[in-house]
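The values are calculated or read from the model by the stated rules, or taken from the named source; none is laboratory data. Since the model is a prediction, treat every value here as computed from it, not as a measurement. Neighbour counts are summed over all protein chains in view; Cβ atoms, including those assigned to glycine, are modelled from backbone coordinates with ideal geometry. Heavy atoms of the whole protein, side chains included, go into the accessibility calculation; ligands, DNA and RNA do not. Shrake-Rupley method; radii C 1.70, N 1.55, O 1.52, S 1.80 Å.
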Amino acid sequence: MIYNVSFDICAAIISAFSLYLILSKKDMRSSSNRLLMYIIIAELVSAIFDIWSSVANSYVMDYSYFFRDILNYIFLFTHTSTACLFAWYMIMLLGLRHRIGKALLAIFLLPEILGVVLLLALNPVLNWVFYYDSSHIYSHGIMIYALYGAGYFYILFATGLAVRFRGTLRKAQRHAAICLLVFSIIPIFIQQVFMPHQLLELFFQSIGIFGFLTTVENLNEVYNPITNVYNRVTFLRNISLAIKSGSRFAAVTIKLSRSESLQAMLMGADYANGLFASIAECLKELSLNDNVYDCERGHFVILTDYNSSKATKMLVQNIAQRFTAGWSYRNHIMQLPAQLCIINIPEDVQTAELLMQLVDLTYNGIDAAPQTVTASLLQKELQQRQTPVSASDPFSKELLEMMDQFVAGTTTLTPAERHIMRFYIDGHEIAEIPALAFISINTVRKHNKNIYRKLGVGTKEELMLYIDLLGRSNRLDELNTVQ
C-alpha cells in the first residue's frame, strides 16, 4: 500500500469522539457551538474520505478513475474548507459578525472561491490540483499549493483575530487557537516535504480542534439547572463580549417584585424553584429566537436583535399580556407584580457594569398589572437607591430586623465557611468555587449546609437575596468579617 492511513484512522476516532462530546455536553443552542460542530463533522468526513481515497489511490487497478475522482474531490474540498469554517467560527465567537457587511463577506470568501472551489472545478480540464500519471498513480499538480495556501490563509487569519481581540477571549481559548495553528501548519509541511506517504496532517488537526472544544463550557456551566435557561455568569460573559465588540442589541428585563420573590423563597425551595421555572418556560416560548437568562432572585433578561425594534416592543407587549392574565401555578391563579423594560445598547447603556446594575435593581411595586418603564427611569432610580433603607414603615422595620439577624449569624461562621461565603458575596456560582478555593464540590456542599443553618436560610437563592438586600442598603461593609 502506497499510503499509510494509520494516523487518519486515529483522526477519525478523535473527530468522532469530539462530535459525541459536543452533541452531548455542549450548548447546541449557541450558533457558534453549532458551527464548531460543523467543523468537527467536516474533519470527520475529511478523515474518512482521506482513508478511502488513499486506499483507492494505492490499489489503482481495483478502482476506476471516476470513482477515485469523487473520493479525491470530496476529501480536498472538505479538508481545505474546514479552515474557512474555523475562521468564520472565530468571527462569531468574537462577536464580530455584525461588522461583516456584503463587501467584507465577499473579500472573506474570495480565497475559498478562487483558491478552492474554482481550482477544483477546473481540475477535470486543466489537472492543476491533481492528476494520474501514466502508471495510474495519483500525483499533485502545481496548484495543490494554492489549495493549501487558502487553508493557511484562513488559519492565520483566525489566529490573527484571536491575537487582535484577545481581550474578548479567555486565556485557554487564545492558547487553543495558537495550538491549532501549529498543529495545522507544521504537520502539513512535514508531510508535503519529508513524508509524502505518511498522512499526518488530519491527525494533528483533529487534536487541535479537540483542544479547542475543551475550552467550550459544558451545559451545566452555562445553564441554570432549575429554570433551564442561561445563568447569570453566562449573561455577564455574553454582554461583556457583545459590548466590547461594538454590537447593537437590546436587553428586555423582566423583574418580579421584591416582596413576591422574597415570599416565594420563604415558602421553600420547592415552591420558589417551580414558580421561577414556569416563568422561564413561558419566556422561552414567547422569545423563540432570542436567548433568555436567569439573573437570579426573580430577575430575567431576554437579549434581542437591536435591528428588530418593532419585534422587541411586540415581545414586551406579549409578556405584559401574559402577566396581566394572571399566573397559574399549583392549581390556582395568582397575580405577580412585574416590571418590564427595554434597554438599548449602546444608546441607553455603554458598559456591562451599568447594564448589570440596572438588571439587578430590584422592583418594589405591588400593582397587579405589569409596569413598563424606560431605561432612563431605571437609571434615575439607581441613583436614588444610594441612600440607606428607611425604617419609616412596618415592612422596612421587619426587613431590617431580618437583615440584622443575618449579619449577626455571619459572626458564627468558621474561617473555612467565611471563605466560601466571600465567594458568594463576590458573585461566584457554586460550580466555580471548587476551582477557586482548591477544594472538592462535596466540601463546598458541606460548608453550604453549615452556612445555611447558621444564617437561617434554606437555599442559595435566599442567601443571595440577603446579600443583595444588604448591598442595596449600603450595609455590605458589615460583612467585612467574612474573609
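What to note about this one:
- As a summary of the residue check, Gln321 satisfies the conditions (1) of a type in the set (S, T, N, Q); (2) surrounded by 15 or more Cβ atoms within 10 Å (Cβ to Cβ); (3) more than 25 Å from the chain's Cα centre (by Cα); (4) within 18 Å of Leu286 (Cβ to Cβ) except for the one numbered (2).
- Considering residues of the range 1-30 that are among the small types (Gly, Ala, Ser) and closer than 14 Å to Ile207 by Cβ only, the residue most open to solvent (accessible area, probe 1.4 Å): Ala16
Results for (1) polar (S, T, N, Q); (2) open to solvent by 20 Å² or more (accessible area, probe 1.4 Å); (3) farther than 20 Å from Gly160 by Cβ; (4) modelled with pLDDT of 90 or more, shown as yes or no for each residue.
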| site | (1), (2), (3), (4) |
| --- | --- |
| Ile51 | no, yes, yes, yes |
| Phe67 | no, yes, yes, yes |
| Ile70 | no, yes, yes, yes |
| Leu94 | no, no, no, no |
| Gly115 | no, no, no, yes |
| Val125 | no, yes, yes, yes |
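- Any hit, the range 396-412, residues being part of a loop (DSSP other than H, G, I, E, B) and at pLDDT below 85: yes
- Of all residues in the range 438-463, exactly one satisfies the criterion of being in a helix (DSSP H, G or I), open to solvent by 20 Å² or more (accessible area, probe 1.4 Å) and among the hydrophobic types (A, V, I, L, M, F, W, C), namely Ile441.
- Among (1) open to solvent by 20 Å² or more (accessible area, probe 1.4 Å); (2) without any contact (Cβ under 8 Å) to a residue 40 or more places away in the chain; (3) closer than 30 Å to Asn238 by Cβ; (4) touching a Leu at 6+ places or on another chain (Cβ under 6 Å), the one test that Arg164 misses: (4)
- Hits in the range 167-184 (condition: open to solvent by 20 Å² or more (accessible area, probe 1.4 Å) and either within 19 Å of Asn238 (Cβ to Cβ) or in contact with a helix residue (DSSP H, G or I) (Cβ under 6 Å, 6 or more places away or on another chain) (or both)): Gly167, Thr168, Arg170, Lys171, Ala172, Arg174, Cys179, Leu181, Phe183
- Out of Leu336, Leu303, Leu275, one residue alone is open to solvent by less than 10 Å² (accessible area, probe 1.4 Å) and either at pLDDT 90 or above or not in a helix (DSSP H, G or I) (or both). It is Leu336.
- Matching residues, the range 429-447, being under 24 Å from Arg237 (Cβ atoms) and either in contact (Cβ under 8 Å) with a residue 24 or more places away in the chain or polar (S, T, N, Q) (or both): Glu429, Ile430, Ala431, Glu432, Val444
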